[in-house]
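Comments concern the structure below.
The values are calculated or read from the model by the stated rules, or taken from the named source; none is laboratory data. Source: prediction; values computed, not measured. Positions of Cβ are generated from backbone atoms using ideal geometry, with glycine treated the same way; all protein chains shown enter the neighbour counts. Heads up: the accessible areas ignore ligands, DNA and RNA and are worked out on the full protein's heavy atoms, side chains in. Shrake-Rupley method; radii C 1.70, N 1.55, O 1.52, S 1.80 Å.
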Protein chains: 2
Amino acid sequence: MILRLILTLLLMMPAFARADGLRGTGNLGLVIERATGSALIVDTGERKAIGRVEGLGDLSHASAVFSPDQRYAYVFGRDGGLSKVDLLTATIARRIVQAGNSIGGAISDDGALIAVSNYEPGGVRVFDARTLDPIASIPAVGADGRTSKTIGLVDLPGRRFAWALYDAGEIWIADLTNVEAPAVTRLTDVGKLPYDGNVTPDGRHYLAGLFGEDGVVHVDTWQQPLKAERILDGYGRGEQQLPVYKMPHLEGWAAVGDKLLLPAVGHHELIAVDLRKFTEVGRVATHGQPVFAVARPDGRHVWVNFAHPLNDTIEVVDTESLEVIHRLTPGPAVLHMEFTPRGNEVWVSVRDADRIDVYDAASFAKKAEIPAQKPSGIFFTARATRIGQ
Amino acid sequence: MILRLILTLLLMMPAFARADGLRGTGNLGLVIERATGSALIVDTGERKAIGRVEGLGDLSHASAVFSPDQRYAYVFGRDGGLSKVDLLTATIARRIVQAGNSIGGAISDDGALIAVSNYEPGGVRVFDARTLDPIASIPAVGADGRTSKTIGLVDLPGRRFAWALYDAGEIWIADLTNVEAPAVTRLTDVGKLPYDGNVTPDGRHYLAGLFGEDGVVHVDTWQQPLKAERILDGYGRGEQQLPVYKMPHLEGWAAVGDKLLLPAVGHHELIAVDLRKFTEVGRVATHGQPVFAVARPDGRHVWVNFAHPLNDTIEVVDTESLEVIHRLTPGPAVLHMEFTPRGNEVWVSVRDADRIDVYDAASFAKKAEIPAQKPSGIFFTARATRIGQ
């Protein structure tokens, strides 16, 4: 009797709840709608949107990470906003504005801490993942004594985070096992103006791209003492002095088997890097300047999108032959791609068509179109299971 | 008013429901309790059991896979039972007995199909993941014309499955894109009596251990035409003619970076295999005969348990130095280990102490003990995100 009453009442809940008011969260995701400061909540099983959350502030370059239970998304806005979104109720569970200008964040491997990388006032701030209460603040004062912007913030195993200091040219790795007294290792003089960083999927190798020099910095976090080494000289912007807005972001790399595929700076190419030696082992000629190179989860293919004005196209690269084997033209302003966790489908945001397209990753057939308001980043809850999510 | 009523009523629901009746499923798991034919449902965030499901039949060598939404576990019993368990309500959503004697199963990459590997009457049967209605049956009739037991069933990308025919000595790879007409590639004469098989985490390399000969069979599923090649001659049982109950199962291997660590047959050793060349590159001396070698998700450590009578112990192996760096003695009959998805903790079933222990994977400190009835296999929902789950 009581059960029947519960069921009846639950049926009055919003459409995103199932008949019994319960649902798993393993196939949910969030799509950033930058222009409207909103996010769509999507169901990859049904291939549809199941809710929308508004009031997320400035979502330029916004990104998201997920709680271990895959119920909550933490959305990092450009305006310093940090929003905890409840995917099951399509509401904002908590929201703070924690800085004046920020760029991305990360969640600790135990799910307890949210760290945010700030431009203004610089440094990294750390929050309780449950309440968003502030827990720690790590100012980014470089060897030169001045406060730096921070970029390339990622989580590492063992409740650690890594990030780079843009102005000071440093890479810091912080162990927050004791969050009251973070143990920070500072690698100074790593190169001029690291503009982005990322870590390999095993959490071992941290790489930062340099804007002020022509190359990439590599830290093997398994080695003691930690040290930063230059790799791929000639990779960077040196030869063409490109403006910063064309720099490919390093979250756009693909790790496949024993290789990394990195978007080349200012060229119509991907660079293949050997993951043992960190040397270049090949190049892939592409349609335009690559922005994101996203690996299908099995590593057999990499899907690549491109900078304006060639951003209506996606190319699919075979990672064994390093050749383009397929080209699609989804539509105007293809901004992002996200695979389902086992790689059977890929979701593509086509911003200026106000649409998300879903493709079969084996046959390349389009399986669904989902309306969205100027969609950009797509983030699925399976990221909660990944190191450096 | 209605909301308040809903909340009040929901509070009367079982303990596994949160205050609002909603919860994410990313941090749930299932622990097999073989002796009682039951399974515990556990929450890795809270480090506790939140429910128990009974009536699952004979759970000897039982295993489980998960639906993409991570709400349902599919439990494969030894008696041919296939049970779909609802983790959110701790109930059996569906249950069938699909064969007389079976050994494991898999879920297709799109989550639509459940395949089960049968001893009696042999072959592989395929079911609708939603309803458990039968969809296809693929008899395992070898080149010799006789029906074979099947073993080592795994999912591969592109709605494919791979398995081996024990009696006939064959490996079959089936594309079920059109489930009405499965496209099966049969590799015959691969070696005598393959007794178990598994695939690397990228879904590329299928390996089967041989009981009737001294070695392992390897299929690189990226190569066309498919072919089976012998590797690791000398790995197998030949030299000691061990009884079958001591053969280590191949789901007990660890893939770390560019290596596999395999339990050696009949020796107190792990064998390190290069993942590019599939040749032996080292051995690790261990406390006993390894049963499971489980990689911490970052690949830095591998945790190993052992066959009776040395099965009260776990050793932790550093995958760079290939040396044992730590030894624990959790208690009598350590049967299985499962890491949380990003590797911060590991759950250990200590069968004869009726207990699950939770360890910090960095400090090795014990963080919790959870009562369980003769626990064996531990399976977390993050498996839903993995190829060859």
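Roughly what % antiparallel, to the nearest 5, for the DSSP beta bridges in the protein assembly as shown? Let's see the in-between values first.
On the way: 236 of 236 bridges.
Bridges in the protein assembly as shown that DSSP calls antiparallel: roughly 100 percent.
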Exercise for the section: Note down, for region A:308-349, the three equivalent ellipsoid semi-axes (square root of 5 times each alpha carbon gyration tensor eigenvalue), biggest first, whole angstrom. Expected result: 19, 16, 7
Exercise for the section: Let me have the relative contact order for region A:140-222, percent, based on Cα pairs under 8 Å that are six or more residues apart. Expected result: 22 percent
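Too long at a 25 Å Cα-Cα cut-off: which of A:LYS227/A:LYS259; B:LYS259/B:LYS374; A:LYS277/B:LYS259; A:LYS227/B:LYS277? Intermediate results must be reported in sequence, preceding the final value.
Details: A:LYS227/A:LYS259 22 Å; B:LYS259/B:LYS374 33 Å; A:LYS277/B:LYS259 16 Å; A:LYS227/B:LYS277 31 Å.
Distance filter (> 25 Å) returns B:LYS259/B:LYS374; A:LYS227/B:LYS277.
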Completion exercise
Note, region B:274-285: 3J(HN,Hα) by Karplus (6.51, -1.76, 1.60, θ = phi - 60°), whole Hz, Gly/Pro = x, goes 5, 7, 8, 9, 6, 10, 5, 10, x, 9, 10, 6
Practice task
Note the distances from B:VAL281 to each other copy's matching label point, with points 7 Å along the Cα-to-beta-carbon direction, in nm, sorted shortest first.
Solution key: 1.1
Exercise for the section: Only counting protein heavy atoms at a 1.4 Å probe, give the residues of region A:57-85, ordered by number, whose accessible area falls by 20 Å² or more when the other protein chains are present relative to the chain alone. Expected result: A:PRO68, A:ASP69, A:GLN70, A:ARG71
Fill in the blank from the handout: Interface residues of region B:175-215, defined as losing at least 10 Å² of accessible area versus the chain alone with a 1.4 Å probe, are B:ASP202, B:ARG204
Practice task
Please find the FRET efficiency linking B:ASP144 to B:ARG52, where r is the Cβ-Cβ separation and R0 is fixed at 60 Å, and quote it to the nearest 0.05.
Solution key: 0.85
Fill in the blank from the handout: Phi angles of region A:362-370, converted by Karplus (6.51 cos²θ - 1.76 cosθ + 1.60, θ = phi - 60°) into ³J(HN,Hα) in whole Hz with x for Gly and Pro, give 9, 9, 6, 6, 7, 10, 6, 10, 10
Practice task
Give the nm distances, rounded to one decimal, from A:HIS308 to the matching residue in every other copy, measuring between label points 7 Å along Cα toward the beta carbon; shortest first.
Solution key: 7.0
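Counting every Cα pair in the protein assembly as shown, what percent are over 50 Å apart? Can you show the working numbers first?
On the way: 35975 of 302253 pairs.
In whole percent, the share of Cα-Cα pairs in the protein assembly as shown beyond 50 Å is 12.
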Practice task
Write down the radius of gyration of region B:109-155 and its Dmax, each obtained from C-alpha positions, in Å.
Solution key: 11.5, 36
Exercise for the section: Report the local net charge at A:ARG160: Lys and Arg +1, Asp and Glu -1, summed over other residues whose C-beta lies under 10 Å from its C-beta. Expected result: -2
Practice task
Starting from the amide H of A:THR25, placed 1.01 Å from N in the peptide plane, find each other amide H under 5 Å away whose residue is 5 or more places distant or on another chain.
Solution key: B:THR25, B:GLY26
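May I ask you to give the average projected area over all directions of the convex hull of the Cα atoms of region A:55-129, in nm² rounded to one decimal? Write out the running numbers ahead of the final one.
Numbers: hull surface 17.5 nm².
So the mean shadow area of the Cα hull is 4.4 nm².
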Fill in the blank from the handout: In a Gaussian network model of chain B with springs linking alpha carbons closer than 10 Å, the residue among B:GLY111, B:GLY282, B:GLY77 that fluctuates most is B:GLY282
Problem - Cα-centre dipole for chain B with unit charges at Cβ (Lys and Arg positive, Asp and Glu negative), debye to 20 - result: 860 debye
Exercise for the section: Report the accessible area of B:LYS192, computed with a 1.4 Å probe over the heavy atoms of all protein chains in place, in Å² rounded to the nearest 10. Expected result: 130 Å²
Fill in the blank from the handout: Most fluctuating of A:GLY29, A:GLY158, A:GLY37 in the GNM of chain A (C-alpha, under 10 Å) is A:GLY158
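Which of the peptides B:311-324, A:376-389 is most tightly packed, and how do the rest follow, judged by the mean count of other Cβ atoms within 10 Å per residue?
Values: B:311-324: 18.3, A:376-389: 23.4.
Those peptides, ordered most packed to least, come out A:376-389, B:311-324.
Assuming a viscosity of 0.890 mPa s and a temperature of 25 °C, what translational diffusion coefficient in µm² per second does Stokes-Einstein assign to chain B, Rh being the Kirkwood radius over Cα pairs? Let's see the in-between values first.
Numbers: Rh = 21.3 Å.
D, rounded to a whole number, is 115 µm²/s.
Per residue of A:355-361, how many C-beta atoms from partner chains lie within 10 Å of its own C-beta, taken as a mean? It would help to have the intermediate numbers written out before the result.
Values: counts 0, 0, 0, 0, 0, 4, 3.
That works out to 1 on average.
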Practice task
List, in order, the whole-Hz ³J(HN,Hα) value for each residue of region A:73-79 obtained from phi through the Karplus relation with A = 6.51, B = -1.76, C = 1.60 and θ = phi - 60°; use x for Gly and Pro.
Solution key: 10, 9, 9, 9, x, 6, 8
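Per residue, how much accessible area does chain A have with a 1.4 Å probe, in Å²?
On the way: 14110 Å² over 389 residues.
With all protein chains present, chain A gives 36 Å² per residue.
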Problem - Candidates B:GLY203, B:GLY45, B:GLY81, ranked by Gaussian network fluctuation over chain B, Cα under 10 Å, top entry - result: B:GLY45
Completion exercise
In whole percent, the fraction of accessible protein surface over the protein assembly as shown that belongs to carbon or sulfur atoms, probe radius 1.4 Å, stands at 49 percent
Practice task
Show which lysines lie in cross-link reach of A:LYS367 when reach means a straight Cα distance below 29 angstrom and same-chain residues fewer than eight apart are skipped.
Solution key: A:LYS48, B:LYS84
Handout entry: Label geometry 7 Å along the beta-carbon vector: A:ASP20 inter-copy distances in nm
Key = 2.0
Completion exercise
Residues whose modelled amide H sits under 5 Å from the amide H of A:LEU113, counting only those 5 or more places away in sequence or on another chain, are A:SER108, A:ALA129
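If r is the Cβ-Cβ distance from B:ALA183 to A:ALA183 and R0 is 51 Å, what FRET efficiency results, to the nearest 0.05? Write out the running numbers ahead of the final one.
Details: r = 56 Å, r/R0 = 1.09.
Computed FRET efficiency for B:ALA183 and A:ALA183: 0.40.
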Fill in the blank from the handout: Cα-based Debye curve of region A:103-197 sampled at q = 0.12, 0.16, 0.19, 0.24 Å⁻¹ gives log₁₀ I(q)/I(0) of -0.31, -0.56, -0.79, -1.24
Completion exercise
Hydrodynamic calc, region A:26-67: Kirkwood Rh from Cα pairs, then Stokes-Einstein at 10 °C with viscosity 1.306 mPa s, so D in µm² s⁻¹ is 148 µm²/s
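Would you work out if region B:284-389 is rounded, prolate or oblate? Take a ≥ b ≥ c from the square roots of the eigenvalues of the alpha-carbon gyration tensor; rounded if a/c is under 1.5, else prolate when a/b is larger than b/c, oblate otherwise.
Details: a/c = 1.45, a/b = 1.04, b/c = 1.39.
Rounded shape, in that the Cα axes give a/c under 1.5.
Total Å² of accessible surface buried at the B-A contact, 1.4 Å probe, nearest 100?
Details: alone 16250 and 16250 Å², together 28220 Å².
That pair hides around 4300 Å² of surface in total.
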